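Below: one structure, written as structure tokens.
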2 protein chains.
Amino acid sequence: MAHITPVLLCGGSGTRLWPLSRKSYPKQFVPLMGKETLFQASARRLHGQELGPDGELGFAPPLVLTNSDFRFIVTEQLGLAGIDPGAVLIEPEGRNTAPAILAAASHLAASDPEALMLVAPSDHVVPETAAFHAAIARGLGPVREGRLVTFGIHPDRPETGYGYLELDAPVADGAPQALLRFVEKPDANRAEAMLASGNFLWNAGIFMARAADMVSAFRAHAPEIFAPVEAALAAARTDLGFLRLDPEAWAQAPDISIDYAVMEKAENLSVVPFSGEWSDLGGWDAVWRESGPDEDGIVTSHGATAIDCRNTLLRSESDRLEIVGIGLDNIMAIATGDAVLVADMSRAQDVKKAVEALKAKEAPQATAFPKDHRPWGWFESLVVGGRFQVKRIMVHPGAALSLQSHHHRSEHWIVVEGTARVTVDDKVTLVTENQSVYVPLGAVHRMENPGKVPMVLIEVQTGAYVGEDDILRYEDVYARN
Amino acid sequence: MAHITPVLLCGGSGTRLWPLSRKSYPKQFVPLMGKETLFQASARRLHGQELGPDGELGFAPPLVLTNSDFRFIVTEQLGLAGIDPGAVLIEPEGRNTAPAILAAASHLAASDPEALMLVAPSDHVVPETAAFHAAIARGLGPVREGRLVTFGIHPDRPETGYGYLELDAPVADGAPQALLRFVEKPDANRAEAMLASGNFLWNAGIFMARAADMVSAFRAHAPEIFAPVEAALAAARTDLGFLRLDPEAWAQAPDISIDYAVMEKAENLSVVPFSGEWSDLGGWDAVWRESGPDEDGIVTSHGATAIDCRNTLLRSESDRLEIVGIGLDNIMAIATGDAVLVADMSRAQDVKKAVEALKAKEAPQATAFPKDHRPWGWFESLVVGGRFQVKRIMVHPGAALSLQSHHHRSEHWIVVEGTARVTVDDKVTLVTENQSVYVPLGAVHRMENPGKVPMVLIEVQTGAYVGEDDILRYEDVYARN
């Protein structure tokens with residue numbers, strides 16, 4: 001059985017699915033389609049043993065590439081999915097796909113040059129898992145011959161939002177074929193022509209290779225990437241189980257995609273055609289398409305009602321929010337508790353303009369959610385008044401907030417789920433559901449969850465200033481300042 | 001100086017401005033245009049002395065007609081506007097305008113048959129107050145001759161949503177003219193023809209008369225209304241300063257408008273033309289029009305951003321909510337914290353369908369707001385969990401909640417503004433900002449605001465059931481069960 005390490009690229013911060021995808025918590029971590037997040041679904045798709053038509057596939061624990069802000073989201077979501085991460089590499093900054101993939105390849109090759117790797121974005125939709133496994137299995141032959149395999153999707157429309165792969169012959173029965181060239185995102189006419197010719201596939205950005213072969217390809221075709229990435233790996237440091245690449249070396253790596261840096265130059269390339277459904281969910285129009293519009297072209301979420309509409313996407317992203325559309329045509333409207341997007345369906349690629357406009361007016365909705373994820377869990381502000389704020393705080397089992405104090409506020413804590421261990425100055429107490437604790441202004445305090453189930457408490461802050469930056473940290477298991 | 005009693009009709013529960021107007025708190029009580037609510041603006045428009053071109057107008061305290069649910073909203077909003085209500089008559093149920101106006105006329109005539117009354121809806125927009133006062137002043141002559149005066153608005157478009165008044169001659173210089181007939185809401189062709197003829201005005205539903213003359217008109221033309229309304233007044237009872245009309249008698253009054261019941265039959269009618277701006281804000285398209293669209297036809301509220309839009313209304317009704325429109329044409333989108341309406345501008349009259357659809361799925365947003373107004377103030381649910389709920393509660397100075405207990409929940413109260421007097425079983429304590437109180441399950445308790453400023457507290461409920469109906473009331477100054 002082939003043993004393949006999934007390399008999940010998880011550092012993106014897409015704004016085209018705002019308001020559901022924001023810089024602080026982007027689309028790969030959101031349950032956009034179904035109950036799992038896209039990242040969880042991507043990890044699950046590449047998880048398990050004896051998969052493929054003949055049971056010839058088995059996946060090793062994934063290697064995840066992400067950035068520092070998302071590292072605890074990655075481990076939390078893998079944990080909830082019951083998948084053990086093999087390694088989590090932290091990119092000091094986003095440098096596109098080439099440096100990230102080389103870092104993964106080099107990390108794997110260091111322990112086993114023969115290791116097989118499958119690189120995949122973590123924000124795509126591939127509903128037909130068995131068919132996808134079959135395509136991966138078809139790629140094993142070329143990979144074992146030392147080739148780099150890329151996967152191409154059968155186009156079903158003249159899409160202008162994707163790059164294409166040109167083959168030297170019409171796409172056949174799914175067997176690996178030779179690649180003629182990569183084609184940039186086309187205009188509409190060119191896209192029509194490519195769809196008609198039958199020699200083109202969409203470039204899905206999914207690659208498979210032996211780790212050592214991938215490293216060799218970089219060494220041959222992209223030496224300007226090779227050196228800084230090797231240095232960043234050599235100087236990487238381990239931090240709470242994460243592998244942090246060295247920032248100084250990493251900053252020397254060019255910001256470039258693997259297509260440009262390696263694939264367009266390499267000659268040992270094979271393409272495996274994949275005829276199953278696939279989408280990069282690159283905009284709300286893609287979400288609408290992939291969600292299965294009814295005969296009137298309507299897609300509605302729970303909490304959404306369409307009256308006399310056509311070709312319309314209506315989504316409510318909160319249990320306490322109803323959205324109603326009346327007489328709409330070709331409109332998409334997505335509502336969260338703190339932000340609403342309403343756009344013509346043809347303007348899906350302009351959603352980033354909404355984010356830019358909100359950034360310009362310094363609205364927090366541009367980049368952040370009311371729910372703020374931290375290493376220990378999350379909190380959300382429920383209401384802010386003149387001299388008070390109310391928060392809901394969730395602490396994971398075994399997790400702890402930093403030991404801290406505030407200059408301007410007192411806090412009342414009421415536990416509503418689970419059990420907290422609370423430190424206030426020299427006193428440590430266990431506080432359980434329906435019990436409360438008072439933390440006077442200036443007191444050194446800490447909140448922990450010593451239990452086996454999540455702990456939820458309501459915090460009522462009162463004082464002249466209730467901003468997040470009124471905090472003095474004395475000790476922090478997550479090494480924050 | 002003429003002394004006129006404004007009669008404000010305030011019982012409506014319009015659904016066409018959902019989600020901002022809901023049955024529990026309809027549009028007249030909402031700050032739809034500017035900072036004051038429509039009701040407050042209506043009361044202020046008919047408030048003051050020595051008004052009109054020659055200082056010939058003076059207004060008595062208003063007589064308000066409303067229903068039981070809105071009685072405390074009426075007094076609270078008048079109080080905030082600094083206007084003393086002369087009387088608040090409670091209609092046991094809505095019976096359209098005729099019975100309400102007769103009740104007001106009869107109530108006024110009982111103490112002074114010569115009293116002048118000006119009947120006005122409380123949900124219209126009349127921005128040019130001085131011009132409106134001048135029109136009222138022009139109506140004083142006919143009123144003193146014993147005529148019933150109605151006000152007609154110069155039409156500036158072929159509106160099909162209003163009734164019309166037909167004059168016996170082209171509309172002249174604003175002087176009172178004789179009325180030929182009332183015209184129902186027309187179709188588009190008829191509306192065009194009426195606009196072209198110059199003999200028609202919009203029926204604004206505003207009337208002025210001597211109270212005794214109004215009563216006489218009902219006695220003459222609508223005896224079937226006269227008897228039950230007189231009986232409902234005779235059996236009315238006073239309750240905390242409100243005059244509650246007798247429900248049994250009131251139920252006998254036909255559900256009919258004053259136009260049908262009296263005005264179309266009366267012969268002593270005069271029309272005062274009014275050329276100032278006026279709108280009944282009968283839909284979001286009217287709000288868009290009255291809000292002054294820019295040259296691209298765009299109206300945005302604070303918290304709303306329009307990108308490449310035309311003829312579009314975007315409103316955010318919450319400080320913590322951003323709405324962004326992209327590439328919209330002829331769309332209106334209104335977002336509150338718990339509901340979003342997105343509709344084609346041409347479908348403004350179908351917004352009631354949204355309310356019907358939400359009622360059918362039993363969504364609370366159909367009729368109620370998260371903020372629930374009570375005689376003593378208001379509360380809103382901030383979050384509901386499996387076994388807990390968090391509320392923000394505001395209590396007016398001098399107000400008190402009922403003495404109560406719960407079977408299924410304990411409550412933690414943290415005062416964040418003002419001072420509370422709290423009763424828990426036999427103990428009464430004063431609780432001020434940053435202090436808390438625990439109310440155990442089953443304890444008999446009450447919360448009061450003994451102070452001079454509003455008191456705000458955060459209530460954290462925990463227990464197996466946190467519904468509103470788990471309440472046993474022992475004493476209530478507002479006589480609720």
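The values are calculated or read from the model by the stated rules, or taken from the named source; none is laboratory data. Everything numeric here is computed off the predicted structure, so don't read it as measured data. Note that we place each Cβ from the backbone using ideal geometry, even for glycine, and neighbour counts take in every protein chain shown.
If you go through the range A:36-61 one residue at a time, how many are of a type in the set (Gly, Ala, Ser), touching a residue at least 24 places away in the same chain (Cβ under 8 Å) and over 12 Å from A:Pro85 (Cα atoms)?
Counting residues in the range A:36-61 that are of a type in the set (Gly, Ala, Ser), touching a residue at least 24 places away in the same chain (Cβ under 8 Å) and over 12 Å from A:Pro85 (Cα atoms) gives 5.
Of all residues in the range A:153-190, which are within 12 Å of A:Val272 (Cα to Cα), among the small types (Gly, Ala, Ser) and not in a strand (DSSP E or B)?
Result: A:Ala172, A:Gly174, A:Ala175.
Starting from the range B:148-161, take each residue that is farther than 18 Å from B:Asp173 by Cβ and list its partners that are in a strand (DSSP E or B), counting only C-beta distances under 7 angstrom and pairs at least six apart or across chains.
Matching pairs, first to second residue: B:Leu148/B:Phe207; B:Leu148/B:Ala209; B:Leu148/B:Leu269; B:Glu159/B:Trp202.
What number goes with the only condition from (1) within 26 Å of A:Ser24 (Cβ to Cβ); (2) surrounded by fewer than 16 Cβ atoms within 10 Å (Cβ to Cβ); (3) without any contact (Cβ under 8 Å) to a residue 40 or more places away in the chain that A:Ser381 does not pass?
With (1) within 26 Å of A:Ser24 (Cβ to Cβ); (2) surrounded by fewer than 16 Cβ atoms within 10 Å (Cβ to Cβ); (3) without any contact (Cβ under 8 Å) to a residue 40 or more places away in the chain applied to A:Ser381, the lone miss is (2).
Could you say which residue among B:Gly141, B:Gly146, B:Gly82 is in the same structural domain as B:Tyr25 (by TED's automatic domain parsing) and touching a strand residue (DSSP E or B) at 6+ places or on another chain (Cβ under 8 Å)?
B:Gly146
Among the basic types (Lys, Arg) and either crowded, with 20+ Cβ neighbours inside 10 Å or touching a residue at least 60 places away in the same chain (Cβ under 8 Å) (or both): which single residue out of A:Arg181, A:Arg190, A:Arg237, A:Arg219 fits that description?
A:Arg181
Exactly one condition in (1) on the phi > 0 side of the Ramachandran plot; (2) crowded, with 20+ Cβ neighbours inside 10 Å is false for A:Ala479; which is it?
(2)
Could you grab me the full set of residues in the range A:406-431 that are crowded, with 18+ Cβ neighbours inside 10 Å, more than 12 Å from every other protein chain (Cβ to nearest Cβ) and in contact (Cβ under 8 Å) with a residue 60 or more places away in the chain?
A:His406
Quick one: count up the residues across the range A:329-363 that are buried (at least 16 other Cβ atoms within 10 Å of the Cβ), within 19 Å of B:Ser318 (Cβ to Cβ) and either more than 7 Å from chain B (Cβ to nearest Cβ) or among the small types (Gly, Ala, Ser) (or both).
The number of residues fulfilling the criteria is 9.
Just to be sure, is A:Trp378 part of a strand (DSSP E or B), of a type outside the set (Asp, Glu), closer than 22 Å to A:Glu433 by Cβ and away from chain B (no Cβ under 12 Å)?
It is true that A:Trp378 is part of a strand (DSSP E or B), of a type outside the set (Asp, Glu), closer than 22 Å to A:Glu433 by Cβ and away from chain B (no Cβ under 12 Å).
Among the candidates A:Leu89, A:Leu38, A:Leu108, which residue alone is under 25 Å from A:Asp213 (Cβ atoms) and touching a His at 6+ places or on another chain (Cβ under 9 Å)?
Answer to the selection: A:Leu89.
Residues checked against (1) of a type in the set (Ser, Thr, Tyr); (2) under 30 Å from A:Ser68 (Cα atoms); (3) touching a residue at least 40 places away in the same chain (Cβ under 8 Å); (4) touching an Asp or Glu at 6+ places or on another chain (Cβ under 8 Å):
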position	(1), (2), (3), (4)
A:Lys265	no, no, yes, no
A:Ser279	yes, yes, yes, yes
A:Gly282	no, yes, yes, no
A:Gly303	no, no, no, yes
A:Ala357	no, yes, no, no
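A:Val477 fails exactly one of the following numbered conditions: (1) under 23 Å from B:Glu459 (Cβ atoms); (2) part of a loop (DSSP other than H, G, I, E, B); (3) more than 10 Å from chain B (Cβ to nearest Cβ). What is the number of that condition?
(1)
Quick one: how many residues across the range B:307-328 are more than 7 Å from chain A (Cβ to nearest Cβ) and either aliphatic (A, V, I, L, M) or closer than 17 Å to A:Val355 by Cα (or both)?
Here the count works out to 5.
Considering B:Arg320, B:Arg315, which residue is within 26 Å of the chain's Cα centre (by Cα) and crowded, with 19+ Cβ neighbours inside 10 Å?
B:Arg315
Just to be sure, is B:Arg374 out of contact with any Pro (no Cβ under 7 Å at 6 or more places or on another chain), charged (D, E, K, R), under 28 Å from A:Glu411 (Cβ atoms) and touching a residue at least 24 places away in the same chain (Cβ under 8 Å)?
Judged against the criteria, B:Arg374 is not a match.
In the set A:Asp338, A:Asp285, A:Asp319, A:Asp308, which member is charged (D, E, K, R) and more than 20 Å from B:Trp18 (Cα to Cα)? Write out each step before concluding.
Values: A:Asp338 fails: more than 20 Å from B:Trp18 (Cα to Cα); A:Asp319 fails: more than 20 Å from B:Trp18 (Cα to Cα); A:Asp308 fails: more than 20 Å from B:Trp18 (Cα to Cα).
Of the residues listed, the single one that is charged (D, E, K, R) and more than 20 Å from B:Trp18 (Cα to Cα) is A:Asp285.
Exactly one of these conditions fails for A:Gly297: (1) surrounded by fewer than 20 Cβ atoms within 10 Å (Cβ to Cβ); (2) away from chain B (no Cβ under 14 Å); (3) closer than 27 Å to A:Gly12 by Cα. Give me its number.
(3)
Looking at this structure, is B:Ala169 of a type outside the set (Lys, Arg), at pLDDT 95 or above, more than 30 Å from B:Gln349 (Cα to Cα) and loosely packed, with under 14 Cβ neighbours inside 10 Å?
No.
Quick check on B:Ile101: is it among the hydrophobic types (A, V, I, L, M, F, W, C), assigned by TED's automatic domain parsing to the domain that holds B:Pro142, farther than 29 Å from B:Arg147 by Cβ and in a helix (DSSP H, G or I)? Working first, answer last.
On the way: among the hydrophobic types (A, V, I, L, M, F, W, C): yes; assigned by TED's automatic domain parsing to the domain that holds B:Pro142: yes; farther than 29 Å from B:Arg147 by Cβ: no; in a helix (DSSP H, G or I): yes.
No.
Going by the conditions given, is A:Phe369 aromatic (Phe, Trp, Tyr), facing another protein chain (nearest Cβ under 7 Å) and in contact (Cβ under 8 Å) with a residue 40 or more places away in the chain? Steps first, answer last, please.
Values: aromatic (Phe, Trp, Tyr): yes; facing another protein chain (nearest Cβ under 7 Å): no; in contact (Cβ under 8 Å) with a residue 40 or more places away in the chain: yes.
Judged against the criteria, A:Phe369 is not a match.
Restricting to the range A:160-205, give me the number of residues that are closer than 11 Å to A:Val271 by Cβ, among the aliphatic types (A, V, I, L, M) and touching a strand residue (DSSP E or B) at 6+ places or on another chain (Cβ under 6 Å).
Number of matching residues: 7.
Identify, please: which residue in the range A:437-474 is hydroxyl-bearing (Ser, Thr, Tyr) and either buried (at least 21 other Cβ atoms within 10 Å of the Cβ) or over 27 Å from B:Leu382 (Cα atoms) (or both) and is, among those, farthest from the other protein chains (Cβ to nearest Cβ)?
Within the range A:437-474, the match that is farthest from the other protein chains (Cβ to nearest Cβ) is A:Tyr474.
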